[in-house]
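The values are calculated or read from the model by the stated rules, or taken from the named source; none is laboratory data. Because the structure is a prediction, the values reported are computed rather than measured. So basically every Cβ, Gly included, is an ideal-geometry build from the backbone, and we count neighbours across all protein chains shown. SASA here: full protein model, heavy atoms, side chains in, ligands and nucleic acids out. Shrake-Rupley method; radii C 1.70, N 1.55, O 1.52, S 1.80 Å.
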Amino acid sequence: SQFEVDLYQNESACQTPLDRQYHQEILKLEKAGGRKNYRIFTYTDHDRFTNLEEHCQKVTDSDDEVPSYLAQRMATVRRRRQDRRPIEGSSLKSKVITWEPSEEFIKNNHVINTPVQTMYIMGDLGPYGKLGHREYEHVLCTIKVDSNGVITVKPDFTGTKGAYRIELDGEKRELWTYTIENASAQVQQEDEEREQRVFRDLYSRHKEYLSGLVGSEFEMPLPGALRLFVNGEIVSAQGYEYDNLYVHFFLELPKCWSSPAFQQLSGVTQICATKKVDRDRVAYFCYLFTLEMFFTQEDESEDSLPQWPVLYFEVLSLDFWQRYRVEGYGSLVLPASPGLHTFTIPTWRPVELGTVSELRRFFIGGSPELEDLTYVRIPTTFKGERLSRLGFRTKTTGSVTFRLHCLQQSKAFLETSASRQRMQGVLDRLGGFTQQSSVYNVLEAFRRARRRMQEARRSLPQDLVSTTASAL
């Protein structure tokens with residue numbers, strides 16, 4: 001810059017080896033006829049401007065801005081590239097995860113301290129004859145290179161948005177426009193292929209490094225067994241009569257299923273107040289839970305159809321006087337396929353005839369409850385052939401939304417030569433999951449056909465329906 005030329009012309013102003021180097025370069029420029037460009041110049045990583053620019057940056061344009069704790073810590077960080085000795089793999093003792101971090105550890109690691117090299121492309125936008133004044137210097141572009149080799153250009157190369165604009169605050173209010181283009185030469189094909197090989201080698205070495213940190217001593221289930229992980233979330237509940245809802249749930253493990261001794265198979269959410277969304281009042285729980293269970297096949301006969309774990313739940317409300325009411329019961333069969341699943345389960349609650357029960361529910365709380373939550377589906381104590389619920393009165397209430405992430409682990413999945421048909425056979429040997437899925441698909445198709453028939457019947461004229469019924 002012209003300011004640096006005027007400053008470093010005098011050898012007495014030079015304090016550092018870099019200043020003396022600039023002094024020699026300025027003398028060479030004067031002997032060669034002077035500078036050709038007086039407007040565009042750069043400030044490098046070790047110039048004085050770089051330190052001032054990093055320490056004087058403000059987040060807002062307010063005069064009363066108070067720097068935050070993070071801004072103060074970042075202002076004292078010298079983000080400079082440092083010469084570090086390579087760490088041998090055998091001497092690496094850093095922990096991948098710090099399970100109990102201290103407050104001092106959190107404060108020290110909260111600040112991003114990636115060493116970078118910075119260069120500023122500047123523009124001297126002063127009027128002719130007044131070049132070299134610091135108030136006319138403006139940053140046109142900032143280029144940073146971190147220790148990972150990532151180059152950051154801010155602002156970005158000029159695209160379809162047009163040139164960048166800088167408007168000065170002087171009397172003439174001059175307007176300057178400029179563009180930033182990538183003028184680097186295109187990489188030859190041989191160099192690009194060589195770079196790709198270097199990247200592949202680097203990624204493979206990094207993969208081996210991570211594998212060495214994690215290890216390979218994983219506990220595998222026995223042959224013919226299946227381990228099921230469920231990371232679940234009770235997202236929300238909507239459509240209920242009273243406010244301040246909470247959900248109580250538990251998991252029932254059928255025959256051939258087991259869980260670790262430390263596994264919690266039940267839980268209760270927090271009490272959540274509802275908010276009005278559209279026409280419903282919704283309670284957002286965002287309650288997380290984790291389930292782990294094992295399936296071990298005992299009977300390998302083709303006639304056996306294994307049961308799948310069922311999640312039973314009930315929705316309750318609690319008012320200001322600590323009176324609780326049952327708002328609904330429901331159940332959810334855990335999905336047999338891995339991946340992300342989202343379910344919205346409708347619920348119901350028992351009711352009694354007459355107004356006395358409703359008055360009791362409103363004034364003193366309480367309502368008819370199920371002694372056994374498994375009565376929502378087929379009770380565990382039921383041993384008969386037909387389950388009749390004739391005379392049992394219920395009322396439809398709201399619904400609860402679940403989000404489940406399911407993972408399955410089995411030695412049968414390690415067969416590399418397994419095709420689609422082969423994998424179905426493996427699942428069959430693990431307990432007839434394909435057969436169970438087929439039964440569910442048939443039942444679901446039957447329900448859809450029955451629903452369409454009922455909708456078609458309701459859409460017909462009543463005189464036509466009565467005539468058809470009498471003819472039959």
Under the condition of being open to solvent by 40 Å² or more (accessible area, probe 1.4 Å), in a loop (DSSP other than H, G, I, E, B) and farther than 24 Å from residue 141 by Cα, which residue from the stretch 1-44 is modelled with the lowest pLDDT? 33
Going by what's in this entry, would residue 252 be described as under 23 Å from residue 405 (Cα atoms), acidic (Asp, Glu) and touching a helix residue (DSSP H, G or I) at 6+ places or on another chain (Cβ under 9 Å)? yes
Subset of the stretch 172-199 that is of a type outside the set (Val, Ile, Thr), touching a residue at least 12 places away in the same chain (Cβ under 8 Å) and surrounded by 10 or more Cβ atoms within 10 Å (Cβ to Cβ) - its residue that is farthest from residue 161 (Cα to Cα): 174
Selection count, the stretch 118-171, where residues are in contact with a helix residue (DSSP H, G or I) (Cβ under 9 Å, 6 or more places away or on another chain), over 19 Å from residue 39 (Cα atoms) and either of a type in the set (Lys, Arg) or not assigned by the TED database to the domain that holds residue 7 (or both): 0
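Quick check: anything in the stretch 358-369 at pLDDT 85 or above, at negative phi and not aromatic (Phe, Trp, Tyr)?
Just the residues of the stretch 358-369 that are at pLDDT 85 or above, to begin with: none.
No, every residue in the stretch 358-369 fails to be at pLDDT 85 or above, at negative phi and not aromatic (Phe, Trp, Tyr).
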Would you confirm whether any residue within the stretch 242-250 is at pLDDT below 90, more than 30 Å from residue 411 (Cα to Cα) and surrounded by 17 or more Cβ atoms within 10 Å (Cβ to Cβ)? yes
Looking at the stretch 376-423, which of the residues that are farther than 16 Å from residue 345 by Cα and of a type in the set (A, V, I, L, M) is modelled with the highest pLDDT? 407
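How many residues does the stretch 336-363 contain that are part of a loop (DSSP other than H, G, I, E, B) and within 20 Å of residue 314 (Cα to Cα)? Outline the logic, then answer.
Our first condition is that a residue be part of a loop (DSSP other than H, G, I, E, B); within the stretch 336-363, this holds for 336-338, 351-355.
Restricting the remaining residues to those that are within 20 Å of residue 314 (Cα to Cα) gives 351-352.
Number satisfying all stated conditions: 2.
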